[in-house]
Structures are given as structure tokens and as C-alpha cells.
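First comes the structure, then the notes that go with it.
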Amino acid sequence: MFFLYLTLFWLPFSVDVLTFELVGGTWTLFILGVAFLLPTAMISYLSRVTRMNTSVDFYLLSICFLYLIHLFFVDDVSASAYKAIHGVIIPMATYFLLKGMVVTEKGYVSSVRALVFGFSVFSVFYVLEIYRTGFGVRIDVFDRDAISVGAFSVFVIVFSLYTNLFKGWVKWFLILLNSLSLMGTLSRAYMVTVAVSPVFNRFVSGRSVCRVYTLFMIVTLFFSVFFVFNSSFFKPSGWDPKLENSLERLTNIDYWKNGVYGRLKTFEPSVEKFVDKPVFGNGFSSAKNSSTVHNFHLEWLEFGGAVGYVLFFMVFYSHFNRVSKFFYNDKYLVVSSYYMLFMFVNGLMNGVMHGVMPYMLFCVLGLGEARIQLLSVVRGKEAMAYKKTLISEAA
């Protein structure tokens, strides 16, 4: 398990520190750790598969199969394969790694703490660099952009605030450190989600997580498509591109509007590509560079068509549905559900299939499914013990 914790700890540093070329590709220590541990995890996983915990796995494997099939029909196989590997294959392999290896309460808590400490050590470097360059300018550290850093910081903040993962001065130090890091990213969506998280935590119970997810998906899909064809609503009256990555992006409404307006203009080709191949999509053949369209609805529709969209939707619906029905009292599961919803909020203007986003999303999902599996075993043992007690009393 030590190597698993070390792999998770290394996630924020994995794209710039100690990378190397092997078998014609660039490897990171995180990817190497996943590849090394996955066979052991799969043996453990296959020995414990039950009918209850295979629905998410089925949808994920179907998504992997869909995107692998696409590779046979693209012109630039190497570029598309790169995007599929980092946007789908490795993140989902990480999911199965965590589900296979995290089988105890100690393993779960230690895995979450490994991520928290890795992100927090990264935040130390990020805050120091912000201090050196001056607050108010977006920067990259260890080749991680501001959106990636925001994802790390929000994870630490919500798990520290709303679970018993840490106590006392350690808890508040981690929250303060990662709050400074988050503010330095100037990430509007993540700042808003953290600001409303106390209200969310107070009024959105574990029982309602699935309903909130479903409503959010329906409403935001409608508005994502609607505003692509009505982008003029957000056209700013005044805007200086030189100040886009300054404090103006937080304090001036025109910079908020321009952020939305600029994104909506880039969404139009994605809608057109979906219309061309609405059933199974285009795969990653149309993605530019290493990025994808910056809206997760359009990512799923353009790259996987209606079939891919439904599969992705069902992955998270199945998970949130079990949380809402059976495990709504477990704070770790509820908070991880909040975090994934916050990632989708950010994904409306930044996507979830490039950069660190798919890694974070499926790490948290994998830990959530591992915890459901763990709690199911505990409940089974408790039910068996209770049954034995009734039999004994009857005798």
C-alpha cells in the first residue's frame, strides 16, 4: 500500500518532475505507479466482484471500448491515442486501481490523506511562487496551470472542512494554505463553489445528491446548447486582453462576461461536429493540441456522441444513486459527491477530459466506489452477526 500512497502523493508533480521517455512515449512516475500496481489491484478486484458494485464498472469499460474503437477510424492515430490515453484510459485505470486496492478503512483514509498531503506540498511551492511574482497574475508551477491547481486546492479544502480527516491546527493550516493557493489561481468557478460549499453542505443532504446531479445535468445541458446560439447575451462592453489574467477577472463584470463569451464562441464547432456524427461521435480526432472543448457536455457529445454521453452520465448517476439510497450518512461519500459536482460546475467552462481534470474526477470516483464496497462488506458482516444472534436467542 505504501507504493499506492506514494503514487497518489505524486499526482500534482507528475507532468514536470522526473518524467522520462520509454517505449516511444513520455512516462511520469504517477503513470508508472499505476501501471506497476494495476495487475495486483485487478487480481484483488476480480476476487471480490459482486452484482452490487459492477454497474459503474460496466459503463466505464464501455466508454473505454468506444474510444478505443474510434482509434481505428482517425487519420492521426498517435495524436488521438495520446488524448484518449490521458483523457480516458489512465484516469479509468486509476479508478480500477483504487477500487481494487483500497479495501479497508485505514486504506481509504490513508489514500485520501496521501492526496491531501501531495496537493498541500504542491500548494507550498505555488504560494511561494505567487509571493515571488506578485499576487494578481496567473502562473504555472511544475507545468500545472491555474485550473489544475484550483482542483487540488478545492479537494483539500472540502475534505478538511467537512470530514474528520484532520483536526486542530493541522486542519486549519491545510485550509489556510490551500485557500491562499486557490486565491492565487484566480479561478472563478472554483472560488464560487468553495464560497457556497457551507450552504451546500448544510442544505444538500446525502439523500438528495443524485437528484441534484440529475437536475444540474439537465439544466446545464440545455443552457450550454442554448447559449452557444445566443452568445451575444455575454458580449462585454469593455475589455482589455492584457488584463485577462489579472485581478480584473475577479472584480470587473466585463471580464466575467468575456470569459463566458469567449468560451461560447469556441463551442460552436463542437456542436457542429456532434451534429455530423450524433450517435457515436468523432473520438478525439477533432481535439486541438492536448486540450479539448472547454465544456464537459460538449466534450461527451462531440467525442462520444449520444451513446458516449449517456454512458458518462450513467457512470455518475449510478454512483450518486447508491450514495443517495444506501450510504447517505457517510460523510466521506457525501463530501466526495460534492467535490465531483463542483468539478462539473468548473467543467462547464473548462471541461473534464483534458489536463488533470479526468485524473481528479476518476480518482475521487474510484475512492468513492471503494468506500461503498468497504461499507457494503461491513454491513454484510453486521447483518450476519445479527442473524446469528437471533438464531442463538431462538434456540
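For the stretch 1-383, the percent of C-alpha pairs falling in each 20 Å distance bin, counted from 0 to the bin holding the largest distance, reads 28, 62, 10, 0.
Stretched out straight at 0.36 nm per residue, the stretch from PHE142 to ARG211 would grow longer than its current Cα-Cα span by 21.0 nm. Full extension of the chain between TRP172 and ALA35 yields a length gain of 45.8 nm, computed as 0.36 nm times the residue separation minus the alpha carbon distance.
Rolling a 1.4 angstrom probe over the protein heavy atoms with all chains in place gives the stretch 1-383 an accessible area of 45 Å² per residue.
The packing ranking, built from the mean of other Cβ atoms within 10 Å per residue, places the peptides 155-163, 200-208 in the order 155-163, 200-208, highest first. Residues whose amide H comes within less than 5 Å of that of TRP27, counting only those at least five positions distant or on another chain, are PHE20, GLU21, LEU22 (H built at 1.01 Å from N in the peptide plane). Per-residue packing, averaged as other Cβ atoms within 10 Å, sorts the ranges 170-179, 184-193 into the order 184-193, 170-179, beginning with the highest.
Placing unit charges on the Cβ atoms only, positive for Lys and Arg and negative for Asp and Glu, gives the stretch 1-383 a dipole magnitude near 1300 debye about its Cα centre. FRET efficiency for the TRP27 to ASP76 pair, using the beta carbon distance and R₀ = 25 Å, is estimated at 0.70. Kirkwood hydrodynamic radius of the stretch 126-201, from the reciprocal of the average inverse Cα-Cα distance over all distinct pairs: 12.7 Å.
Pairs from the table (LYS83/LYS171; LYS83/LYS331; LYS277/LYS325; LYS171/LYS331; LYS106/LYS167) lying more than 26 angstrom apart at Cα are LYS83/LYS171; LYS83/LYS331; LYS277/LYS325. A protection proxy built from the mean count of other Cβ atoms within 10 Å ranks the segments 224-230, 355-361, 327-333, most packed first, as 355-361, 327-333, 224-230.
The values are calculated or read from the model by the stated rules, or taken from the named source; none is laboratory data. This structure is a prediction, so every number in the text was calculated from the model and none was measured. In this analysis, Cβ positions are derived from the backbone assuming ideal geometry, glycine residues included, and neighbour counts consider all displayed protein chains. Each accessible area value is taken on the protein alone, full model and side chains, heavy atoms only, with ligands, DNA and RNA left out. Shrake-Rupley method; radii C 1.70, N 1.55, O 1.52, S 1.80 Å.
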